[in-house]
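Presented below is the structure to which this report refers.
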Amino acid sequence: MGEKVVSNFDHIRKDFPMLSKSMHGCPLIYFDSAATAQKPHAVIEALTHFYTRDYGTVHRAVYELSVNATLQYQEVREKIARLLHAKEAEEIIFTRGTTESINMVASSFGKAFVNPGDEILITEMEHHSNIVPWQLLCEERQAVLKVIPMDDQGVLKMEELPKLLSSKTKLVAVAHVANSLGTVNPIKEIISLAHQAGAKVLVDGAQSAPHMTIDVQDLDADFYVFSGHKFYGPTGIGVLYGKAALLNVMPPYQGGGDMIEKVTFQKTTYNVLPMKFEAGTPMIAEVIGLGAAIDYVEKLGLNQIQHYEHELLAYATEAVLTVPGIRIIGTAKEKSAIISFIVDGVHPLDLGTMLDLRGVAIRTGHHCAQPVMQHFNIPSTARTSFAFYNNKEEINRFADALNEVVKLLK
């Protein structure tokens, strides 16, 4: 599919109805896309059309509505396989989000492969959703959790990785992009080193899949996960990519309808991929909505989106550094369009509250990354995160508002 340059910002902005909203009498500046992205008309209309014209359950009936719904549902699976460059659509499992995808791997992979004394390796910059499931697994299986440290720029200390890997390492779980810092990790190198040690790798792509081209075969990722709502799609839908060879030997995550082949009171046999991991009536409309979001993003082109958002990041970084007493947390050379910061003598919550009164929506807190905050010896940060529907004019207004708020709060 050909890619066009993201140049007509006004046209793109009009595709997102929430961006025409005002907050406290001011035009909305939405700088929280790392938490959740706004939705284009195409996604909203796809949901409405499905519920009003095409709604039926999937996999369960021969009547026309069900058959058509099933076809649409399966087309999205194939679309995601192409998006991620997976070998086959059966390697795409629908979940409720990145969090459930990670928990599914922790539970199922853990049962199949993790034994007492084995090791799971994560990084110091992970979201809680890529920490807690592994802690629970280690407690359950009497395994050991190890952590790759980072430096004060928010860059992984890659020289430590070979020392931490061993024959006991069963899995490395790492964020492609750190949600609290914006750091883009060297995923391909991490996967290569892990595979040399005999370990598998799960990549948390929640912050990367909506912003850059992903090729799971080129990366050689064993698992790759992301959320629909950060990809301009609905909430309640996520994706787990897994290599078929691994998924085939992993036990089901949940029991119920659709994930079975045959059920008797004596024994149950399980369905083939991907159904084995999709118990119960799925998130049909949400899948359809995610498909519409992928269509929308692909028309713009992920390479062009990444380039444009990098321009926004550079421009915004320069703009916020004009604020007296500001300190950016996370200064890696390779960054996504996320800026976390603190201001001397000003609490991030106060910053966020005062900016909200001026129409600016940013995130404040620990961003579900408390170990990151502990590393920098701070309780929280303010975080701005950008998407292709933002522009430099908004950044200028934000920088002016930030300077004004800091003067008032100091």
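The values are calculated or read from the model by the stated rules, or taken from the named source; none is laboratory data. Quantities reported herein were computed from a predicted structural model and do not represent experimental measurements. Quick reminder, even Gly has a Cβ in these numbers, built from the backbone with ideal geometry, and neighbours come from all protein chains shown. These accessible areas exclude ligands, DNA and RNA; they are computed on the full protein's heavy atoms, side chains included. Shrake-Rupley method; radii C 1.70, N 1.55, O 1.52, S 1.80 Å.
For Thr95, the residues 5 or more places off, or on other chains, whose built amide H falls under 5 Å of its own are Gly238, Val239, Leu240. Sites counted here are GluC sites (Glu not before Pro) in a DSSP loop (not H, G, I, E or B) having no more than 16 other Cβ atoms within 10 Å; the longest part of the chain that contains none of them is 89-333.
For the chain, carbon and sulfur atoms together expose 52% of the accessible surface, with a 1.4 angstrom probe and every protein chain in place. Solvent-accessible surface (1.4 Å probe) assigned to Ser108 amounts to roughly 0 Å².
Here the Karplus relation 6.51 cos²θ - 1.76 cosθ + 1.60, evaluated at θ = phi - 60°, turns the backbone of the range 397-410 into coupling constants of 5, 4, 4, 4, 5, 5, 4, 5, 5, 4, 4, 5, 8, 7 Hz, with x for every Gly and Pro.
Return the calculated 222 nm mean residue ellipticity for the chain, to the nearest 500 deg cm²/dmol, obtained by summing -39500 (n - 2.57) across DSSP H runs with n ≥ 4 and dividing by the residue count.
Working: 14 runs with 155 residues, N = 410.
Calculated at 222 nm, the ellipticity per residue is -11500 deg cm²/dmol.
Evaluate the charge dipole of the chain about its Cα centre and quote only its size in Debye, nearest 20, assuming +1 on the Cβ of each Lys and Arg and -1 on the Cβ of each Asp and Glu.
Values: 37 positive and 46 negative charges, 85 e Å.
Computed about the Cα centre, the dipole is about 400 debye.
From the Kirkwood radius over Cα pairs of the chain, Stokes-Einstein at 10 °C and 1.306 mPa s returns a whole-number translational diffusion coefficient of 71 µm²/s. Sparsely packed loop sites in the range 22-124 (the chymotrypsin sites (Phe, Trp or Tyr not before Pro) outside DSSP H, G, I, E and B with at most 14 other Cβ atoms within 10 Å) comprise Tyr63. Each residue of the range 155-163 is assigned a 3J(HN,Hα), and the resulting list reads 10, 4, 7, 5, 5, 7, 4, x, 6 Hz, derived from the Karplus form 6.51 cos²θ - 1.76 cosθ + 1.60 (θ = phi - 60°), x at Gly and Pro. Here is the list for the range 243-338: chymotrypsin sites (Phe, Trp or Tyr not before Pro) lying in DSSP coil, each with at most 14 other C-beta atoms within 10 angstrom of its C-beta, are Phe265.
Close amide H pairs (under 5 Å, H built 1.01 Å from N) link Thr169 with Glu119, residues at least 5 positions away or on another chain.
Please list 131-138, 244-251 highest first by mean number of surrounding beta-carbon atoms within 10 Å per residue.
Going by the mean number of other Cβ atoms within 10 Å, highest first, we get 131-138, 244-251.
What ranking of Lys163, Lys333 comes out by heavy-atom accessible area, probe 1.4 Å, highest first?
On the way: Lys163 145, Lys333 185 Å².
My answer, sorted largest first, is Lys333, Lys163.
Charge tally around Thr268: other residues with Cβ under 9 Å, Lys/Arg +1 each, Asp/Glu -1 each, net +1.
The spacing between the range 68-86 and the range 345-410, judged by their C-alpha centroids, is 37 Å.
For the chain, the solvent-accessible area with a 1.4 angstrom probe is 42 square angstrom per residue. Using a cutoff of 8 angstrom between alpha carbon atoms and counting only pairs six or more residues apart, the relative contact order for the range 38-175 works out to 18 percent.
Taking trypsin sites (Lys or Arg not before Pro) across the range 235-323, the ones in a DSSP loop with at most 13 further Cβ atoms lying within 10 angstrom of their Cβ are Lys267. Couplings 3J(HN,Hα) of the range 273-285, computed from phi: 5, x, 4, 4, 10, 10, 6, x, 5, x, 7, 5, 4 Hz, in residue order, whole Hz [Karplus 6.51 cos²θ - 1.76 cosθ + 1.60, θ = phi - 60°; x for Gly and Pro].
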